[in-house]
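The values are calculated or read from the model by the stated rules, or taken from the named source; none is laboratory data. Computed from a predicted model, the values in this text were never measured in an experiment. Positions of Cβ are generated from backbone atoms using ideal geometry, with glycine treated the same way; all protein chains shown enter the neighbour counts. Ligands, DNA and RNA are stripped out before the accessible areas are found, and what is left, the full protein with its side chains, is counted by its heavy atoms. Shrake-Rupley method; radii C 1.70, N 1.55, O 1.52, S 1.80 Å.
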Amino acid sequence: MGLHRLKELSHRHSGKDAVSIVVCHGGVISAIMGELFPQEKKNIWDWIPGPGFGYCIEFENGDPVMYEKINEIKKLGFGLMRPPMKGDEIDIEQMKDMVDVFMDNGYTYFDTAYVYMGGKSEEAAKAALVDRYPRSQFQLATKLPTYSVKKLDDAKRMFETSLKRTGAGFFDFYLLHNLDRDNNMIEDPLGVWDYLKKEKEDGRIVNLGFSFHDTADVLDKILEAHHSDTDFVQLQVNYADWEDEKVQSRKCCEVARKYGKPIIVMEPVRGGSLGNLPENVARIMKDAEPDVSLSSWAMRYAASVDGVMTVLSGMSTLDQVKDNVKTMENFKPVTEEEKGLIEEVKAELAKTPLIPCTACRYCTDGCPKKLNIPGFIHVLNEYKLYGYKEVAKTNYQWTIDGGIASDCIECGACEKSCPQKINIIEEMKKTAELFD
Ligand code: SF4
Ligand code: SF4
């Protein structure tokens, strides 16, 4: 994975300075570093890097002036889809604290998107991260809402906007957002892939890939057509969706591995629902490991999948950052015994079918009645799980921040953008019948 850093460093210089890459044994690296930086007083073993890693050395007029260790991207990424809030605005001060804890523990990958919170997530990335840390110390990913690109100029404008909002200068990872069977990115008549490949050549994108929400056969077709354009894929992987017919986590991972593409995991905790399991289900995990959070089981499961580069977690509080950091510190893949326990949990969960909403909010922007669709679905799921109508009704009232469910005019705009293919109109009708 050090390759990502080498590529980034090489791009960062944009051909203005010479960049040379030496690939050699650890002993040679150690000898070079000891020779160039004797003032560090390190012995041969101190300098030896992990397999596949090394150092970046900067020279001025032939003299070594500084070095930077090339580190692996660790298996926890900071998702900026659900940042901490203060009223209607992102709580930047809390987010700074969260970023600091994350970075202090050696984690470096951040994930935002053009559409997250109408652009405020990208702006928050600038305020809490980009403006506060040297650019070489973190990786920033953002996404182009391909489904909103009607002409190539839209893609160009959105890419430039993302660069401006984040102030990042370049993106370590740039994704076509939410590819599926409908958005025609295989044929790509507008030439979006070609445009982004040009940005990659120019060094403003280091790694190009896409996030994906569809079945494994569709992923196979996209990768078959764009194998050489794609450096990585972002997939929904969690234990609840591992064998799910619509999501197909396992099969999608197999396709990614077939094409040799590193996997970035999204929704490992399925929008938080695997961290808030009903008591009868949670008990299985709590009895086995009383001091371990439910989310940590889900995080470890996703991180244990072969080919996974990092696991994104949309963190909203400092406690969530600390819990995730604790989980991934000295990360150990799930054992066969633990997998058996997770199967027990799945069997118990399967007894209560829930609406598979991940709270991604892709559906809300286009709703003419401004319904809080994921909020209403969450309340419906709670009602399915616990069956307390009065409590659910109170929660529903707290959840309304635009129209009520019976305002739905059945226009269908939300269903077109839902990656989970939820029959939202039907769910709004049920919500209205139960609570309006
Ligand atoms: S179908 Fe209903 S919930 Fe969906 S976008 Fe239209 S009005 Fe909103
Ligand atoms: S209904 Fe679909 S699009 Fe809307 S928040 Fe849930 S998963 Fe996302």
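Are any residues in region 416-429 of a type in the set (Asp, Glu) and open to solvent by less than 60 Å² (accessible area, probe 1.4 Å), and if so, which ones? Result: 427, single match. For residue 328, the conditions (1) touching a strand residue (DSSP E or B) at 6+ places or on another chain (Cβ under 9 Å); (2) open to solvent by less than 40 Å² (accessible area, probe 1.4 Å); (3) modelled with pLDDT of 95 or more; (4) away from ligand 2 (no atom under 15 Å from the Cβ) are fulfilled apart from (3).
Tell me whether region 98-112 contains one or more residues that are out of contact with any helix residue (DSSP H, G or I) (no Cβ under 6 Å at 6 or more places or on another chain), open to solvent by less than 20 Å² (accessible area, probe 1.4 Å) and of a type outside the set (Phe, Trp, Tyr). Within region 98-112, one or more residues are out of contact with any helix residue (DSSP H, G or I) (no Cβ under 6 Å at 6 or more places or on another chain), open to solvent by less than 20 Å² (accessible area, probe 1.4 Å) and of a type outside the set (Phe, Trp, Tyr). Evaluated against (1) out of contact with any Lys or Arg (no Cβ under 8 Å at 6 or more places or on another chain); (2) open to solvent by less than 70 Å² (accessible area, probe 1.4 Å); (3) part of a helix (DSSP H, G or I), residue 374 falls short on exactly one condition, (1).
The residue that is farthest from residue 101 (Cα to Cα), counting only those in region 111-149 that are in contact (Cβ under 8 Å) with a residue 40 or more places away in the chain and charged (D, E, K, R), is 143. Scanning region 243-261 for residues that are surrounded by fewer than 20 Cβ atoms within 10 Å (Cβ to Cβ) and without any contact (Cβ under 8 Å) to a residue 40 or more places away in the chain gives 243, 245, 250, 251, 254, 258, 259, 260.
When 353, 419 are checked against the criterion of being in contact with a strand residue (DSSP E or B) (Cβ under 9 Å, 6 or more places away or on another chain), not in a helix (DSSP H, G or I) and not assigned by TED's automatic domain parsing to the domain that holds residue 299, a single residue qualifies: 419. When residues in region 129-169 are screened for being open to solvent by 50 Å² or more (accessible area, probe 1.4 Å), closer than 13 Å to residue 196 by Cα and either among the aromatic types (Phe, Trp, Tyr) or touching a Pro at 6+ places or on another chain (Cβ under 6 Å) (or both), 0 of them pass.
At least 3 residues being of a type in the set (A, V, I, L, M) and within 30 Å of residue 341 (Cα to Cα) is the threshold, and among the helices (runs of 4 or more DSSP H) wholly inside region 192-308 those reaching it are 279-288, 294-303.
Take the conditions (1) outside any loop (DSSP other than H, G, I, E, B); (2) within 10 Å of ligand 2 (Cβ to nearest atom); residue 385 misses just one of them, which is (2). From the list 9, 3, the one residue that fits, being at pLDDT below 90 and under 16 Å from residue 135 (Cβ atoms), is 9.
Among the residues of this structure, residue 348 counts as one that is more than 16 Å from ligand 1 (Cβ to nearest atom), more than 26 Å from residue 310 (Cα to Cα) and touching a helix residue (DSSP H, G or I) at 6+ places or on another chain (Cβ under 7 Å).
Hey, among 314, 271, 375, which residue is in the same structural domain as residue 400 (by TED's automatic domain parsing) and within 16 Å of ligand 2 (Cβ to nearest atom)? Going through 314, 271, 375 in turn, the sole match is 375. If the condition is being free of Cβ contacts under 8 Å to residues at least 60 places away in the same chain and farther than 22 Å from residue 178 by Cα, then region 341-367 contributes 341, 343, 347, 350, 351, 353. Answer with yes or no whether residue 370 is within 25 Å of residue 213 (Cβ to Cβ), within 16 Å of ligand 2 (Cβ to nearest atom) and over 15 Å from the mean Cα position of the chain (by Cα). Criteria met by residue 370.
Restrict the check to region 396-405 and report whether at least one residue is within 9 Å of ligand 1 (Cβ to nearest atom) and more than 25 Å from residue 145 (Cα to Cα).
First, the residues of region 396-405 that are within 9 Å of ligand 1 (Cβ to nearest atom): 403, 405.
Still in the list and also more than 25 Å from residue 145 (Cα to Cα): 403, 405.
Scanning region 396-405 turns up at least one residue that is within 9 Å of ligand 1 (Cβ to nearest atom) and more than 25 Å from residue 145 (Cα to Cα).
Checking each residue in region 195-212 for being surrounded by fewer than 18 Cβ atoms within 10 Å (Cβ to Cβ) and in contact with a Gly (Cβ under 9 Å, 6 or more places away or on another chain) picks out only 203. The test for being within 16 Å of ligand 2 (Cβ to nearest atom) and either of a type outside the set (A, V, I, L, M) or within 28 Å of the chain's Cα centre (by Cα) (or both) does not hold for residue 335. For region 293-306, filtered to residues that are surrounded by 17 or more Cβ atoms within 10 Å (Cβ to Cβ) and in contact (Cβ under 8 Å) with a residue 40 or more places away in the chain, the residue that is farthest from residue 264 (Cα to Cα) is 297.
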